[in-house]
Amino acid sequence: MSGPDRLLRLLQLMRVMSPPITAERLAVERGVSVRSIYRDIELLRLSGARIEGERGYGYRLIEDYALPPQTFDRLEIEAITVGLGEVRQMGDPDLARAAEAVLAKIAATLPNDREQQLLHSISHVYRPSGRYGSHPHLQAIRKACWEEQEIEIGYRDQEGTASQRIIRPLAIVYNDHVLTVLAWCCLRDDYRMFRIDRVDGVSSKGTSFRPRRVSLLRVYLAKLSARENEKKRLPG
């Protein structure tokens, strides 16, 4: 791992770790020696990070220059906590961990009074039913969306009938307790929704459909919106 990457990972760990943040705990989490932690703490200080504490007593990250200072009013802070709280409660495990990291990064760039408002917000999200479970193919599907790559999926329909589909994944949608990928289905030559819990396998086709994802998704969402509006106009 390169030096900058190593220091950024240590900085991120100090953002999210509960006190006391000792060199011994940091060393265990990073899988390195305590001496390496001491050295990297000094490098972070030299590069501008304000880290209080010393060897044997633990550390505290006071200011984080990885991001520029942020200014949010109280209502914006409440919006941040509600939005990230929703992801932490209901997102899949990878997104939930990402939401925790985002909250820590934002808190590290705020003045002390705003940081306290963020960490002790009056707005909370409570979802007793819990978040979406992990799925072995979700990461591959998400990656294909990001990179605009066609993938082949093994899929079971509502009756359990299996088929192979080549799709262009456009977006992942969180519907109640079901994750769905909106896609262009090359077999049907049309837009389709695929429940991720019914996907049995994913393999890359190595075929890019960039830069069409945004335009395809825009058209699909317009079709879905028109369909919903039509339902509302129907009597009874």
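Structure notes:
- Spin-label model, E147/S225: points 7 Å from Cα along the beta carbon direction are separated by 3.2 nm.
- 3J(HN,Hα) couplings calculated from phi for region 28-37 with the Karplus curve 6.51 cos²θ - 1.76 cosθ + 1.60 (θ = phi - 60°) are, in sequence order, 5, 5, 8, x, 10, 7, 4, 4, 5, 5 Hz; Gly and Pro show x.
- With each label modelled as a point 7 angstrom along the Cα→C-beta vector, the S134-A171 pair spans 2.8 nm.
- Rounded to whole Hz, the Karplus (6.51, -1.76, 1.60) HN-Hα couplings of region 78-87, x for glycine and proline: 4, 4, 4, 5, 5, x, 5, x, 4, 5
- Amide H contacts under 5 Å for E148: none, restricted to partners 5 or more places along the chain or on a different chain, H placed in the peptide plane at 1.01 Å from N.
- Exposed chymotrypsin sites (Phe, Trp or Tyr not before Pro) absent - longest run of the chain, DSSP non-H/G/I/E/B, at most 13 other C-beta within 10 Å: 127-236
- Mean separation of Cα contacts under 8 Å (6+ apart) over length of the chain, as relative contact order %: 13 percent
- Neighbour-limited loop hits for trypsin sites (Lys or Arg not before Pro), region 163-199 (at most 14 other Cβ within 10 Å; DSSP other than H, G, I, E, B): R188
- For I21, nonlocal amide neighbours, meaning residues 5 or more places apart or on other chains whose placed amide H falls under 5 Å from its own, are Y59.
- In this structure, V28 and D200 have a Cβ-Cβ separation that, at R0 = 30 Å, corresponds to a calculated FRET efficiency of about 0.20.
- Put D197, D92 in order of accessible area, highest first, and with a 1.4 Å probe you get D197, D92.
- Theoretical ellipticity at 222 nm over the chain - DSSP helices of four or more residues, -39500 (n - 2.57) apiece, nearest 500: -14500 deg cm²/dmol
- Residue-by-residue Karplus 3J(HN,Hα) for region 197-209, coefficients 6.51, -1.76, 1.60, Hz, glycine and proline x: 6, 9, 7, 9, x, 9, 9, 7, 8, x, 10, 8, 10
- Between K105, K143, K223, the Gaussian network model of the chain with springs among Cα atoms under 10 angstrom shows the greatest mean-square fluctuation at K223.
- I62 versus R192: modelled label distance in nm, points set 7 Å from Cα along the beta carbon direction: 5.9 nm
- Summed side-chain charge close to L234 - residues other than L234 whose Cβ falls under 15 Å, Lys, Arg +1, Asp, Glu -1: +2
- Taking the longest Cα principal axis of the chain as reference, the axis of helix 93-108 is set at about 40 degrees.
- Cα point-scatterer Debye curve for the chain, base-10 log of I(q)/I(0) at q = 0.10, 0.14, 0.16 Å⁻¹: -0.68, -1.05, -1.15
- Theoretical FRET efficiency, 1/(1+(r/R0)^6), r = Cβ-Cβ of L75 and R9, R0 35 Å, to 0.05: 0.55
- Sulfur and carbon atoms: percent of accessible area, the chain [1.4 Å]: 52 percent
- Among V16, V34, V199: highest mean-square fluctuation, GNM of the chain, C-alpha pairs under 10 Å: V34
- Residues with amide H under 5 Å from that of G201, placed H, sequence gap 5 or more: G154
The values are calculated or read from the model by the stated rules, or taken from the named source; none is laboratory data. Since the structure is predicted, the reported quantities are computational estimates derived from the model, not experimental observations. A quick note on method: Cβ atoms are made from the backbone with ideal geometry, for glycine too, and the neighbour counts reach across all protein chains shown. Ligands, DNA and RNA are excluded from the accessible area calculation, which covers all protein heavy atoms including side chains. Shrake-Rupley method; radii C 1.70, N 1.55, O 1.52, S 1.80 Å.
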